[in-house]
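J.: The structure that follows is given in the form of structure tokens.
The values are calculated or read from the model by the stated rules, or taken from the named source; none is laboratory data. Small disclaimer: the values here were computed from a predicted structure and weren't measured. Cβ atoms come from the backbone with ideal geometry, glycine included; neighbour counts cover every protein chain shown.
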């Protein structure tokens, strides 16, 4: 922004200086009224042409700056879209990996639980059979003692 401000200040100073110089030169010059009017007319045309030239130059600079800003905005939008796409893909890959790991862990827990349940069931069956045998033996002992 300071370049625009400096350019505007320069333009204003240039214009004021040119007008002041033209007025001083006309007042100090030893010419007739007709010659002075002709010089004023020429200077006016000259100043008008310089003003038009400055305007066109400023307009051209503004158009170039506008086009550059649009190009940069388009590039930024493109880069942002690419980064978002990469982030989405990366996140999806990580989520899929975590889901796979969770599934594997759950399957392992189920396997271990099934094995432990089977072991516990087998152990319980063995104890029940032993207890049944002991009970049968004790009942047989009681029956034998009762017959005696």
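J.: Just need a number here: residues in region 22-52 that are at pLDDT below 75, exposed (fewer than 10 other Cβ atoms within 10 Å of the Cβ) and part of a helix (DSSP H, G or I).
T.: Residues in region 22-52 being at pLDDT below 75, exposed (fewer than 10 other Cβ atoms within 10 Å of the Cβ) and part of a helix (DSSP H, G or I): 3 in total.
J.: If you check residue 69 against the conditions, is it part of a helix (DSSP H, G or I), under 25 Å from residue 8 (Cα atoms) and under 40 Å from the mean Cα position of the chain (by Cα)? Give the derivation first.
T.: Numbers: part of a helix (DSSP H, G or I): yes; under 25 Å from residue 8 (Cα atoms): yes; under 40 Å from the mean Cα position of the chain (by Cα): yes.
Yes.
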